[in-house]
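Novice: This structure is in structure tokens; I'll ask about it shortly.
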Amino acid sequence: MVTFKPAVEDAWQTDLESHADFDGWQYLSSATGGSPDDADKTRPLVYFGSFQDLLGRDRKTGLIKAKNEWVHTTNWDLVIFDEYHFGAWRESAKELFEGEDEKVKQKELAAEYNDGLVAFDEELDELGNDEDDFLPITTRAYLYLSGTPFKALATGEFIEEQIFNWTYTDEQRAKAEYAVAHPNDWNPYGALPEMRLFTYHMPDELIAVANQGEFDEFDLNEFFEAKGIGADAEFTHKTDVQKWLDLISGAHLPTQVDAMRMGTRPPFPYSDVRLLPYLQHSFWFLPNVAACEAMANLLAEKQNVFWHDYQVLVVAGPGAGIGLDALPPVRAAISDGHDTKTITLSCGKLTTGVTVKQWSSILMLRNLNSPETYFQAAFRVQSPWSIKNPDGDNPSAEAVLKPVCFVFDFAPTRALRQIADYGAGLSPETPNPEQAVEELVKFLPVLAYDGSNMPQVDAGGILDIAMSGTSATLLARKWESAILVNVDNDTLRKIMNNPDALNAVMNIEGFRALGNDIFETVVNRSDAVK
């Protein structure tokens with residue numbers, strides 16, 4: 001196993017040692033400190049190494065490092081390139097760390113991808129991507145792994161017979177099919193949570209301070225803009241951010257009034273009892289270090305009593321550590337996850353190659369342009385969390401603690417555009433983009449709150465919003481919003497006494513779309529007026 005990103009070793013070792021199909025296999029790496037001489041020759045062996053280590057040479061002799069000679073002299077059955085999308089991904093991945101200061105950004109990128117790999121990438125292009133020319137390791141076959149292989153698929157780098165897809169959609173389909181075929185058996189896919197995307201159209205009073213761009217979209221970076229450092233960090237739009245905190249915790253008065261008029265409460269993250277179990281440990285993805293520190297300061301203020309139950313972890317800036325060094329404090333604070341409640345604030349750290357099984361939700365509070373970076377961060381919460389043999393009397397039993405996980409996004413157009421691009425990127429051979437997105441959203445339900453209700457959005461609706469922006473779509477949705485149908489007795493009397501006016505109203509498709517219940521209410525009230 002050879003990777004461009006040594007930071008993923010922790011996840012690889014955990015997966016290999018816990019996977020049923022690799023029972024009895026041996027794992028070695030430079031980090032484990034094990035010697036190949038101690039390996040059992042009768043059992044399969046996996047060695048994990050990074051390019052920078054395996055291709056590195058002794059400075060004095062210019063030869064391969066002595067500790068790696070055995071790797072180069074062994075005839076391997078298979079060499080796996082992990083994170084093969086590195087070349088296409090590295091530039092776009094930089095936006096994950098744009099919120100950090102320049103020195104930390106460079107260190108994070110070096111920790112994730114190693115600066116020396118820039119020269120290696122250029123050398124690889126010069127050699128025509130021929131593995132034998134640049135990787136002096138003998139093997140019978142190569143396997144390339146990538147979670148975001150958009151460029152490789154789009155450019156035809158591999159022919160169809162060489163491509164095997166196993167995506168989020170595939171795993172969820174396998175999970176559902178196995179449950180039907182083997183209802184009484186342990187489901188090997190059962191602990192893999194289904195992801196759900198909730199998008200929220202913010203109230204107009206909050207949108208006003210941060211609307212800009214081609215589609216006059218809500219700009220998250222502008223809304224959460226902050227200045228200062230440490231205890232002095234503060235949001236530029238602090239009053240509006242406070243309203244947003246009230247909104248997601250169910251304490252925003254205008255939204256409560258609207259809910260009373262509608263007769264239903266919208267499912268905001270920290271106010272809906274159905275969602276609260278999945279927000280015990282959440283990840284908030286903010287624009288920069290100042291925003292992370294400002295959020296921690298605001299959550300700690302006296303008026304925010306609701307948030308004081310949560311331990312807020314600021315994983316941003318040089319003080320949080322570089323790469324995986326930022327992870328131990330988070331795991332220590334979460335512990336086993338049952339008796340603790342945490343909010344992890346980050347602007348880039350821990351968004352790649354990290355598994356924290358207790359994270360069940362992520363709040364997307366910053367702009368991300370590429371679907372690779374968006375979903376690289378989003379899938380941090382999709383790791384399984386379960387207890388094997390919970391009662392100690394059935395080895396095949398499994399208690400799944402996280403059947404679903406959530407992505408909460410407050411820039412609807414941006415979020416749905418990422419869904420559309422991601423679905424199309426995973427299925428470039430599909431002639432119809434709606435078909436490419438349709439299967440993805442079958443297992444990744446998208447619900448969009450438009451100010452009054454929260455309907456599920458189908459593939460066609462996602463593409464409409466992604467391509468046309470918010471203006472036209474949300475205008476149509478607002479027209480169909482029951483909140484805007486505020487008919488007083490005088491208006492009803494005039495409509496009911498004028499057949500032409502009544503027919504005109506009933507010919508409006510949006511009015512009919514409000515549903516029979518509202519129409520019956522209108523008729524009943526008009527009868528009462530009479």
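The values are calculated or read from the model by the stated rules, or taken from the named source; none is laboratory data. Every value quoted in this text rests on a predicted model; they were computed, and no experiment measured them. Here the Cβ positions follow ideal geometry from the backbone for every residue, glycine too, while neighbour counts run over all protein chains shown. Areas reflect the complete protein model, heavy atoms only, side chains present, ligands, DNA and RNA absent. Shrake-Rupley method; radii C 1.70, N 1.55, O 1.52, S 1.80 Å.
Novice: Show me the ranking of peptides 181-189, 453-461 by mean Cβ neighbours inside 10 Å, starting with the highest. Walk me through the numbers before you get to the answer.
Specialist: Working: 181-189: 11.8, 453-461: 16.7.
Result, highest mean Cβ count within 10 Å first: 453-461, 181-189.
Novice: Further question: So which lysines pass the test for Lys238, namely a Cα distance under 17 Å, with those fewer than 8 places away in the same chain ruled out?
Specialist: List returned: Lys227, Lys302.
Novice: Once amide H atoms are placed 1.01 Å from N in the peptide plane, what residues at a sequence separation of 5 or more from Ala411, or on another chain, have their amide H within under 5 Å of its amide H?
Specialist: Tyr200
Novice: Determine the per residue accessible area of the stretch 269-332 with all protein chains present and a 1.4 angstrom probe, expressed in square angstrom. Could the numbers behind the result be given before it?
Specialist: On the way: 2640 Å² over 64 residues.
Counting only protein heavy atoms, the per-residue value for the stretch 269-332 is 41 Å².
Novice: Moving on to the next point. Using Cα positions and a limit of under 27 Å, work out the lysines in reach of Lys65, with same-chain residues fewer than 8 apart set aside.
Specialist: In chain and number order, the partners are Lys5, Lys41, Lys107.
Novice: Provide the packing ranking of 274-281, 303-310, i.e. peptides ordered by the mean count of other C-beta atoms within 10 Å per residue, highest first.
Specialist: Answer by packing, highest mean first, reads 274-281, 303-310.
Novice: Still on this structure: Using Cα positions and a limit of under 26 Å, work out the lysines in reach of Lys402, with same-chain residues fewer than 8 apart set aside.
Specialist: Filter leaves Lys175, Lys341, Lys349, Lys357, Lys388, Lys442.
Novice: Can you tally the net charge around Pro44? Count Lys and Arg as +1, Asp and Glu as -1, for every other residue whose Cβ sits under 14 Å from the Cβ of Pro44.
Specialist: Once positives and negatives cancel, what remains is -3.
Novice: Taking amide H positions as placed 1.01 Å from N in the peptide plane, with prolines and chain starts having none, which residues 5 or more places from Glu194, or on another chain, fall under 5 Å of its amide H?
Specialist: Amide H to amide H, under 5 Å and 5 or more residues apart or across chains, Glu194 pairs with Val404, Cys405.
Novice: Sticking with this structure for a sec: Can you tell me the order of 415-421, 174-180, 346-352, 393-399 when each peptide is scored by its average per-residue count of other Cβ atoms within 10 angstrom, highest first? Could the numbers behind the result be given before it?
Specialist: Working: 415-421: 24.4, 174-180: 13.7, 346-352: 26.9, 393-399: 11.1.
Packing order, densest peptide first, comes out as 346-352, 415-421, 174-180, 393-399.
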